[in-house]
1. What ranking, highest mean first, results for peptides 254-260, 30-36, 128-134 when packing means the other Cβ atoms within 10 Å averaged over each residue?
2. Name the shape class, rounded, prolate or oblate, that the alpha-carbon gyration tensor gives for region 99-174, where a ≥ b ≥ c are the square roots of its eigenvalues, rounded holds for a/c under 1.5, and otherwise prolate holds if a/b is larger than b/c and oblate otherwise.
3. Scan the chain and note any complete DSSP helix (H) whose C-alpha atoms cover at least 15 Å along its axis and whose Kyte-Doolittle average is 1.6 or more.
4. With a/c under 1.5 counting as rounded, go ahead and sort region 28-112 into rounded, prolate or oblate using the C-alpha gyration tensor (a ≥ b ≥ c being the square roots of the eigenvalues; past the cut-off, prolate if a/b is larger than b/c, else oblate).
5. If you build the convex hull over the alpha carbons only and average its shadow over all orientations, what do you get for the chain? Give it in nm² to one decimal.
6. I'd like the FRET efficiency for Leu165 and Asn77, computed as 1/(1 + (r/R0)^6) with the beta carbon distance as r and R0 of 51 Å, rounded to 0.05.
7. Give a residue-ordered list of calculated ³J(HN,Hα) values for region 117-130 (Karplus: 6.51 cos²θ - 1.76 cosθ + 1.60, θ = phi - 60°; whole Hz; x for Gly, Pro).
8. Please report the antiparallel percentage of DSSP beta bridges with both residues in the chain, rounded to the nearest 5.
Amino acid sequence: MFLRKSGIGAASLLAFGALPAAALPFNYQTGFQPAASPVMEQIETFHTELLWIIVAVCLFVLGLLVWIAYRYRAGRNAVPSKVHHNTLLEVAWTLIPVIILVFIAVPSFRLLYFEAAIPKPDLTIKAIGKQWFWTYEYPGSAAGFTFDSLGLSDPDAAKANKPRLLATDNALYVPVNKIVEVDTVGADVIHSWAMPQMGVKMDAVPGRINKTWFKASQTGVFYGQCSELCGARHAYMPIELHVVSDADYAAWLATSKKKYAALETPRVASK
């Protein structure tokens with residue numbers, strides 16, 4: 001049964017909803033949305049470095065092509081020369097690309113390790129991908145509840161003054177500057193939990209728990225979407241993330257324990 005918004009804690013939820021959207025996509029956007037986590041900041045830095053390397057290589061190759069077309073054109077070489085092998089040239093065109101690839105590989109592997117090595121989390125959330133919505137679980141004694149998060153219809157999104165195809169009925173809440181571990185799993189097919197501004201994209205696979213993490217560096221409302229083709233309504237299972245202060249998060253937790261369904265805990269067999 002889908003969980004819907006209730007009247008419990010309405011004043012608190014309205015206060016939480018007043019957070020500004022951090023960075024919505026816009027028409028003709030060419031760059032990334034502003035980074036809101038250390039992982040995304042490093043991804044942007046690596047992207048910029050790689051862009052300049054690509055530009056330099058392209059300009060170098062273009063320069064060679066122009067020079068060769070001018071220097072060895074038929075007008076200057078009525079009788080073409082015949083050249084076979086050039087040891088220095090062959091060594092150069094083998095070693096230079098290898099050096100460039102090594103130069104790219106070092107920061108790339110460092111970034112991959114930074115993304116994959118999950119620090120000790122302050123909060124763990126389980127994201128379950130379903131056709132076609134997300135279910136979230138907040139386990140542990142400090143929370144212990146679960147809820148469904150469905151995308152809003154166009155009229156409901158317009159009424160709530162939220163972006164089309166990105167807003168949800170029940171948003172995800174996390175505290176700012178805290179390490180959040182996200183455990184993803186699929187209930188039916190493969191989904192993917194993606195939050196671009198946090199530098200997070202992790203597949204939700206049936207029968208397997210994948211783990212990722214982020215640390216939001218600023219408060220606000222952030223949006224993501226399922227990024228794995230998962231069926232007819234793949235485009236209608238968005239992610240709405242609210243990053244709030246510790247005090248607001250504690251208030252949301254207290255409200256959510258009453259509003260949402262409690263997680264089932266395994267019974268301990270009596271001796």
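The values are calculated or read from the model by the stated rules, or taken from the named source; none is laboratory data. These numbers were taken from a predicted model, which means no experiment stands behind them. Quick reminder, even Gly has a Cβ in these numbers, built from the backbone with ideal geometry, and neighbours come from all protein chains shown. Side chains are part of the model used for accessible areas, which takes the heavy atoms of the whole protein and leaves out ligands, DNA and RNA. Shrake-Rupley method; radii C 1.70, N 1.55, O 1.52, S 1.80 Å.
1. Order by mean packing, descending: 128-134, 254-260, 30-36.
2. Details: a/c = 3.32, a/b = 1.63, b/c = 2.04.
Cα axes put region 99-174 in the oblate bin.
3. Long hydrophobic helices here: 87-116.
4. Here region 28-112 falls in the oblate category.
5. Over every viewing direction, the Cα hull of the chain projects on average to 22.8 nm².
6. Values: r = 60 Å, r/R0 = 1.18.
E(calc), rounded to 0.05, equals 0.25.
7. So the J values, rounded to whole Hz, are 7, 7, x, 4, x, 8, 8, 10, 10, 9, 10, 10, x, 9.
8. 70
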